[in-house]
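Contents: one structure, followed by commentary.
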Amino acid sequence: MDILSAKEAAAKALEYVSELSPEAKYIALEGIELSPDQDAWLVIVGYVMASDIPQMALVAANVDMRSRRTYKRLILDAHTLDLRKMEPYEIAA
């Protein structure tokens, strides 16, 4: 995996989430890998919905913060970085 290409793919994935989910806050890269056929970047992005932030402040001591985050799996074309697919992603407990 070329680090520069991975950084570009990660930045583009974060940009897609920001544009498609305007309420997303604290957007962060959670994982990235190049598909076995090297045709696509598989990117996991996590974020918190703005509407959940006040609730998080009240229950932060009692709740696993991962349960308040939303995760998406994005599939980007490895060559053009065009978005092929964005879908919910479940983090294993």
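The values are calculated or read from the model by the stated rules, or taken from the named source; none is laboratory data. Keep in mind that this is a model prediction, so the values were computed, not measured. We place every Cβ from the backbone using ideal geometry, glycine too, and count neighbours over all the protein chains shown.
Screening segment 32-73 for residues that are modelled with pLDDT of 95 or more and surrounded by fewer than 14 Cβ atoms within 10 Å (Cβ to Cβ) and picking the one that is nearest to E90 (Cα to Cα) gives E33.
Assessment of segment 28-38 against the conditions (among the acidic types (D, E) and either touching a residue at least 40 places away in the same chain (Cβ under 8 Å) or in contact with a Gly (Cβ under 9 Å, 6 or more places away or on another chain) (or both)) yields at least one matching residue. Can you say whether K85 is crowded, with 17+ Cβ neighbours inside 10 Å and modelled with pLDDT of 95 or more, as far as the supplied structure shows? Against the criterion (crowded, with 17+ Cβ neighbours inside 10 Å and modelled with pLDDT of 95 or more), K85 does not qualify.
State all residues of segment 6-31 that are exposed (fewer than 14 other Cβ atoms within 10 Å of the Cβ) and in contact with a helix residue (DSSP H, G or I) (Cβ under 7 Å, 6 or more places away or on another chain); if no residue qualifies, say none. Listed by number, the list holds a single entry, E23.
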